[in-house]
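Shown next, in structure tokens, is the structure this report addresses.
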Amino acid sequence: MTGAPTSDTRERLIAAAADLIAAAPGEEFSLRAVCDAVGVKMPTLYHFFGSKQGLIDAVIEHGFDLYLNEKSSMESSGDPIQDIRAGWDAHVAFGLANPGFYTLMYGKVRPGHSPEAQSRPSEILRALTARAAEQGRLLVPPEQAAAHILVTNIGVTLRQIILVAPDPALSQTVREGAISAITGKGTRANDSLTTAIELAAAQPDVLGRAETQLLIEWLGRLSRVEKLQ
């Protein structure tokens with residue numbers, strides 16, 4: 001290849017590395033193989049990424065782009081707890097479909113280092129727990145709730161990737177356990193109101209989405225009043 005490196009060359013290098021990672025999840029890949037796939041020399045790769053870790057970070061960013069593109073296509077139920085459930089399932093599905101990306105995104109741990117791209121899905125989750133907190137549906141602060149959901153979601157996804165065996169029953173059980181831990185469902189005195197909220201949110205088409213949202217708001221107000229008494 002002749003001429004100055006272009007942004008298109010950079011994208012092709014990322015794509016080539018992503019293909020190698022997808023072909024052998026969890027395995028090391030060769031920079032030479034990446035360059036050969038694109039038809040460039042090693043200095044070109046270092047021009048764009050500086051090091052192998054720089055290329056890996058770019059591939060991680062690409063993985064999060066794919067993940068967030070899938071999440072953005074999901075329709076919100078209008079209920080934060082139901083959206084957390086749906087987000088959990090989408091997270092697991094992405095990991096199982098893209099184990100190479102996922103193990104880079106969440107499985108490669110370097111003490112003191114967190115890929116900047118990880119903050120994007122975390123912000124979406126924190127927004128959901130903040131809304132749940134506003135509705136009086138959390139037992140813990142929203143930041144703690146988001147962290148609890150995220151770490152359990154990652155753990156159950158990595159387990160299935162390691163075992164190369166999807167386990168939807170395990171995922172559902174852990175998901176509901178995590179949601180119960182942050183909402184206190186089954187332990188709070190006003191559990192009957194919480195149950196009514198969850199039932200309405202799970203079946204929004206029974207009353208209609210607008211009516212369901214109004215019901216959830218009313219029940220949330222009653223829940224907060226009961227907790228103050």
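Worth a mention:
- Annotation note: Cβ proximity below 9 Å between a residue of the range 32-44 that is free of Cβ contacts under 8 Å to residues at least 12 places away in the same chain and a residue that is of a type in the set (D, E, K, R) and open to solvent by 90 Å² or more (accessible area, probe 1.4 Å) (sequence gap 6+ or interchain) occurs for M42/R32.
- Considered as a group, the residues in the range 148-169 that are open to solvent by 50 Å² or more (accessible area, probe 1.4 Å) and in a helix (DSSP H, G or I) include one that is nearest to M105 (Cα to Cα), and that residue is V151.
- Condition check for R131: farther than 22 Å from A23 by Cα, among the basic types (K, R) and in a loop (DSSP other than H, G, I, E, B): no
- Test: residue in the range 24-32 that is open to solvent by 60 Å² or more (accessible area, probe 1.4 Å), basic (K, R), assigned to a loop (DSSP other than H, G, I, E, B) and at pLDDT 90 or above: no
- Hey, F48 over 30 Å from D205 (Cα atoms) and modelled with pLDDT under 90 or not: no
- Candidates in the range 97-147 are the residues that are at pLDDT below 95 and of a type in the set (S, T, Y); of these, the one that is least open to solvent (accessible area, probe 1.4 Å) is Y102.
- Taking the criterion of being touching a residue at least 40 places away in the same chain (Cβ under 8 Å) and over 30 Å from G136 (Cα atoms), the residues of the range 68-96 that qualify are G95, L96.
- In summary, helices (runs of 4 or more DSSP H) completely within the range 44-122 and bearing 1 or more residues that are under 20 Å from A132 (Cα atoms) occur at 52-72, 80-97.
- Of the criteria (1) under 15 Å from the mean Cα position of the chain (by Cα); (2) open to solvent by 60 Å² or more (accessible area, probe 1.4 Å), which one I60 fails: (2)
The values are calculated or read from the model by the stated rules, or taken from the named source; none is laboratory data. Not measured: the values here are computed from a predicted model. When we count neighbours, we look across all protein chains shown, and the Cβ atoms used for this are built from the backbone with ideal geometry, even at glycine. Just the protein is used for accessible areas: all its heavy atoms, side chains included, with ligands, DNA and RNA removed. Shrake-Rupley method; radii C 1.70, N 1.55, O 1.52, S 1.80 Å.
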